[in-house]
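Asks: Dropping a structure here in structure tokens format, bear with me for questions.
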Amino acid sequence: MGHIKEKFKVKADELNVEIKDLVKNHGTRKIEDVTLAQVYQGMRGITGIVTETSLLDANEGIRFRGYSIPELRDNLPKVKGGAEPLPEGLFYLMLIGELPSEPDVQHLSSQFARRSHVPNHVFAAIDALPVSAHPMTMFTVGVMALQTESSFAKAYAEGINKKDYWSYMYDDSMDLIARLPRIAAYIYRRKYKNNVHIHPNGLLDWAGNFAHMLGYEDEGFKELMRLYMVIHADHEGGNVSAHTTHLVGSALSDAFLSFAAGMNGLAGPLHGLANQEVIKWIMNMREELDTKVPSKQQIEEYVRKTLSEGKVVPGYGHAVLRKTDPRFTAQMEFARTHLPDDELVNTVWNIYETVPPILENLGKVKNPWPNVDAHSGALLVHYGLVEYEFYTVLFGVSRALGVLASLCWDRALGFSLERPKSVTTQWMRQFVEGK
Ligand code: CMX
């Protein structure tokens, strides 16, 4: 057993004791009241899930085990000569709850390289789809095809003790994270690069190797991938992709089934697909205005037009956040260092100055500020990754780190089948009428 797996088990046993105590001695404590409106409006603000890996503050943004994104950029190990945190380190932090050492991160990098073999039938399943299929469809099909490799599903079919579920979930999660870059790169090269594929380089870190297999050798792009994989990994447990993975996993579906389900949620335009929508929207604006650098006044007019057509401004607003997303700010800082004069990036910054007051004046938008998706596309375009339909797959590869670390915790803590109560509107009517 690798030392990380052992360490995880020790941490989980400790937390299990604490949770047993909490439930035994405080199990009847009320956390909050739930209003009728909350039930109708996406359960917003209802505390109903425990997720150990990260916690979102409406004003400060996400913290992973207490560490903000700037703190992660300072404290997580980096490649030699690099400035961006390694996603392996974030995975360790989410899993173990402590910052990793350099050897911990190297161990994870080599574990991911060792577990990265993707069987041929996975590529055949992807090949069975037309090239015109959306990359996210290919991605979930690839993950589903990989489900044949689940060690949890095999062990469960043979009959295992509940106490051992976590061990198989850990191995499946490690295998899946290790293989996702290869699957994603295969989709990219099949769809956009004439089906010419690039062999993995087992000496590179997980994100660096992903960049390499996509076909991007620029060290700037590799650094971007490391940052990208860190900032998209987790956003506490209630967002659609995390919640879906957790929900499906609560039925004891294995990591592959659960993660594929979460990815179908990430593929929705109000969630992960927003990153492709942002760049599409900016490109349409450029085309319609026949300029590469629209002025702030032109942007303002285009935003008003978007709203008058009953559409949302993609990349702006959030269900929980109420200030500029620190994931947006981290990308802005990356751009200031690496590509301050890029025209598209400057347009993203001009949009940032233009959109919030307009959304604020609508009076109904709870958060007029940009989210992570408002910036990511412009950085990718700079390095030549212009195929914006692929962007959500990048988000998905990163999201695996958070939702699979969480799934390991779910199994190690023996969490129950999720099954909240639902009611009909007739029930609600009778409830308010006191019947
Ligand atoms: N542009 C225009 N209108 C917006 C808006 C935006 N960016 N954000 C919210 N609104 C509108 C809503 O559509 C809603 O209008 P109606 O009452 O007419 O239906 C109203 O403002 C209130 O919505 P809210 O409470 O502020 O926001 P929600 O929690 O319901 O939704 C979100 C959050 C992200 C779906 C929404 O802000 C949105 O659609 N944003 C654009 C899409 C986007 O960027 N999504 C990515 C989010 C990050 C991620 O998950 O990846």
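Asks: Based on the Cβ-Cβ distance from SER101 to GLU433, what FRET efficiency comes out when R0 is 60 Å, to the nearest 0.05?
Replies: So, using R0 = 60 Å, E works out to roughly 0.45.
Asks: ³J(HN,Hα) across region 226-242 via Karplus (A = 6.51, B = -1.76, C = 1.60, θ = phi - 60°), whole Hz, x for Gly/Pro?
Replies: Values, residue by residue: 4, 5, 4, 5, 6, 6, 8, 5, 7, 8, 6, x, x, 5, 4, 5, 5 Hz.
Asks: Moving to a separate point now. Arrange SER151, SER253, SER132 by Cβ neighbour counts within 10 Å, fewest through most, would you?
Replies: With the sparsest Cβ surroundings first, the list reads SER132, SER151, SER253.
Asks: Give me the lysines in straight-line cross-link reach of LYS435: C-alpha distance below 29 Å, same-chain residues under 8 apart excluded.
Replies: Cross-link targets: LYS30, LYS421.
Asks: Given a Förster distance of 35 Å, report the FRET efficiency between ASP74 and VAL50 from their Cβ-Cβ distance, rounded to the nearest 0.05.
Replies: With R0 = 35 Å, the Cβ-Cβ based efficiency is 0.80.
Asks: Strictly over 20 Å apart at the Cα level, which of LYS11/LYS154; LYS191/LYS292; LYS9/LYS80; LYS305/LYS364; LYS80/LYS222; LYS292/LYS366 would you flag in this model?
Replies: Flagged as over cut-off: LYS11/LYS154; LYS191/LYS292; LYS9/LYS80; LYS292/LYS366.
Asks: Could you give the length gained by full extension between HIS121 and MET43, i.e. 0.36 nm per residue of separation minus their alpha carbon distance, to one decimal place?
Replies: Computed gain between HIS121 and MET43 is 24.1 nm.
Asks: List the aspartates and glutamates whose Cα lies under 13 Å from the Cα of LYS7, skipping any in the same chain that are fewer than 8 positions away.
Replies: GLU98, ASP104
Asks: For a quick check: with amide H placed at 1.01 Å from N, whose amide H comes under 5 Å from SER54's, ignoring anything fewer than 5 positions away on the same chain?
Replies: ARG65, GLU236
Asks: If you don't mind, there's one more thing I want to ask. Can you work out the PRE-style zone for HIS197? Point 7 Å along Cα to Cβ, and I want the residues of region 351-385 with backbone N under 14 Å.
Replies: None, by backbone N distance to the label point.
Asks: In percent, what relative contact order does the chain have, based on Cα pairs under 8 Å that are 6 or more apart in sequence?
Replies: Values: 604 pairs, mean separation 92.9, N = 435.
Contact order relative to length: 21 percent.
Asks: Cα centroid distance between region 342-379 and region 217-243, in Å?
Replies: First find each Cα centre; the distance between them is then 20 Å.
Asks: Sticking with this one: If I take R0 = 45 Å and measure r between the Cβ atoms of THR28 and LEU362 in this structure, what FRET efficiency does the formula 1/(1 + (r/R0)^6) give, to the nearest 0.05?
Replies: Computed FRET efficiency for THR28 and LEU362 comes out at 0.60.
Asks: While we're on this one: Quick one: check the C-alpha center-to-center distance for region 150-185 versus region 276-320, whole angstrom.
Replies: Distance between centres, Cα-based: 42 Å.
Asks: Also, I was wondering about something else. How many nm separate the modelled label positions at ASN161 and GLU301, each set 7 Å beyond the Cα in the direction of the Cβ?
Replies: For the pair ASN161/GLU301, the computed spacing is 7.3 nm.
Asks: Return the single residue from GLU418, GLU277, GLU32 with maximal mean-square fluctuation; model: Gaussian network over the chain, springs between Cα atoms under 10 Å.
Replies: GLU32
Values quoted throughout were computed directly from the atomic coordinates according to the rules given, and no laboratory measurement underlies them. Not measured: the values here are computed from a predicted model. Cβ sites come from the backbone with ideal geometry, for glycine too, and all protein chains shown count toward neighbours.
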